[in-house]
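One structure is given below, encoded as structure tokens.
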């Protein structure tokens, strides 16, 4: 019963990839990148971020920009974002971000956009996942305020969330058949410091560690740049140590 | 049609500015690193006692001016390079990577020793305070208690939040001003003298020694450039805040040093300082102030030293983290705790070093104020002076190649004069270093410390050359710091598992 439900939810999370595949212009599938990153970067039981919250925010921001690149809407060249195609993407969040990119032409620096998008990214992607039914918003009381976490709540949702890192580990162990989207996800996971969470077993994942560099290295130039800027931003945010 | 101005407001800049630091926050960060109360009560009295010169106030003013001059070029250069975290990245950009790695090797012991020295001050003061309550606690017990707290907070990467620091700092400055006022209104022979500000003694050989001790008191102000990516306006906020921090700390120290000597009389200050050591100020103001204001002063002094300990601990671990991430140190140093972002190994290394040094001192039974605090911070101060000197040369070399639209003053005049003045101070310091440590003429410490710094720098040069031969791609990234992307993929061999570098629960809770 639970397994059946898991399959249904996992299928919902992955549905958009099939629709995205039908677009002739796209470099790969968009949409799911940030969702997958979100599920990997948050604890499925508590909904807390596994990383420094600012690092998670940057990873999610990069995933959102990555989705637009995968859909062929934007590109990156020498640290600047370039708008290639103004047609709105089918996903509401991607549409919203593309609109912002178009409306704010004075900002082109990738790292500025990463910093900007990172502020709200966790909430925005959390909302998108809750629309898909993969997580539910849970409001908790804290000392003086309340916080809303987006976390898998039912056993089925939790299984689906746990599948996200496991799927990535399996892909890496096999080392073949990774889509561009998966490879960007791998790059962002490595850049933000989640590799050891995904590849938690040194013995079983020995091969996977070896296939990591080629998975990221073989990405198209703009996506590789995106991963590099993400790592640089995470590095400087972590060095300063502010919340 | 011309390109339309954006009709919408600049949402991005606004949203980013909301979370960023303005001038006051950066000033607090810089001044807190320099810890004025620690310097005034800890260092200035020690300087008076050791050097016996009355030129301390003018020395602080001149040092503040010199560092301000240095800041001009330093901050101008920080706008043009990516990694602004540490002196060595400026040096490797300006003077080449070989010298940069040498500078990094000088920086590690320098900052590390300064922090360990502060433990001596903390221990001695805390045990004095406990002694007043009738509890006889040796200094190293207090120092180890502080060490434990700093080690834990360092691992958790808790730095005192901006607000806590700001409140403490405002209180510290207020109490300093109150004390200064009391001391100046109660002069020794009934009249206030200003001869302490006479620049005449600065022409004597004592100047180098005075200035290295003064510079040691400012160390920490240069950390403001770490925040350049967090500042509202990276171009102006950092520059303005750094200048304010330097001048604020300089004026505060100079006025306090002057006030002390006014109260005792210039001829008596050295003797009094030798007698009362770090209690000097409290002894001087005690007769004229209600008792609680003196108690508050002691308390703030302790918190100030503790905040400085924490700030230096963070600075040292951050340095090691940057070097590890760049591949100069083994990659394990470049790893952070996933959730808190704490540079784990850097933090642990510094804590382990500190406890070893403190234990040795405790076993030998040396005096904590002279041999732990004064010696180690002076030795560390010399290292930082060497770094500043090299950094000022690097700034000059950097702008000589390309002025990058900085003004003539910022690109050439200020860096060149800072370099010349720092050279004078450095040479004078190296010559008089034995006197600084108060050792006899034939003691090896006369020349050992500068020689050791030269030695570690040479080790750094050699290490850089080895890196260039063995790992050219890592070598090429030196100086790009945490900004540099060395390798996306962590190596699978080094194990940090025992140090829970993995998120808690990474292994459990999944139906694999």
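Please treat every number below as a calculation from the coordinates, not as lab data. All values reported here derive from a predicted model rather than from experimental measurement. Cβ placement follows ideal geometry from the backbone for every residue including glycine, while neighbour counts extend to all protein chains displayed.
Quick notes on this structure:
- Overall size of chain A from C-alpha positions, given as principal axis extents largest first: 49, 48, 39 Å.
- Residue B:363-residue B:452 FRET efficiency (beta carbon distance; Förster radius 22 Å; 0.05 resolution): 0.50
- Cβ-Cβ distance of residue A:179 and residue A:139, R₀ of 35 Å, FRET efficiency by 1/(1 + (r/R0)^6): the value works out to about 0.45.
- For chain A, the relative contact order works out to 25 percent when only alpha carbon pairs closer than 8 Å and six or more residues apart are counted.
- When only alpha carbons are used to place a centre, segment A:185-232 and segment B:291-355 end up 30 Å from one another.
- Each part reduced to its alpha carbon centroid, segment B:41-113 and segment A:44-84 end up 38 Å apart.
- Taking label positions 7 Å along the Cα-Cβ direction at both residue B:440 and residue A:210, the computed distance is 6.6 nm, reported to one decimal.
- Alpha carbon centroid spacing (whole Å) that separates segment B:181-204 from segment B:236-276: 12 Å
- Here is the tail figure for segment A:123-243: Cα pairs spaced more than 25 Å apart come to 39 percent of all pairs.
- Helices in chain A, meaning DSSP H runs of at least 4 residues, each add -39500 (n - 2.57). Divided by all residues, the mean residue ellipticity at 222 nm is -20500 deg cm²/dmol.
- Computed over chain B, the per-residue total of -39500 (n - 2.57) for DSSP H runs of n ≥ 4 gives a 222 nm mean residue ellipticity of -21500 deg cm²/dmol, rounded to 500.
- When the alpha carbon coordinates of segment B:320-421 are projected onto the principal axes, the ranges are 54, 40, 21 Å, largest first.
- Relative intensity, log₁₀ I(q)/I(0), of segment B:54-199 from a Debye sum that treats every alpha carbon as a point, q = 0.19 Å⁻¹: -1.30
- The label point for residue B:404 and the one for residue B:137, both projected 7 Å from the Cα toward the Cβ, are 4.9 nm apart.
- All Cα pairs of the protein assembly as shown, percent lying beyond 44 Å: 31 percent
- Sequence-separation-based contact order of segment A:28-73, relative, with Cα cut under 8 Å and 6+ spacing, percent: 56 percent
- Measuring nothing but how far apart in sequence close Cα pairs (under 8 Å, 6+ apart) lie, relative to its length, chain B scores a relative contact order of 32 percent.
- Per residue, the convex hull spanned by the Cα atoms of segment B:20-481 measures out at 138 cubic angstrom.
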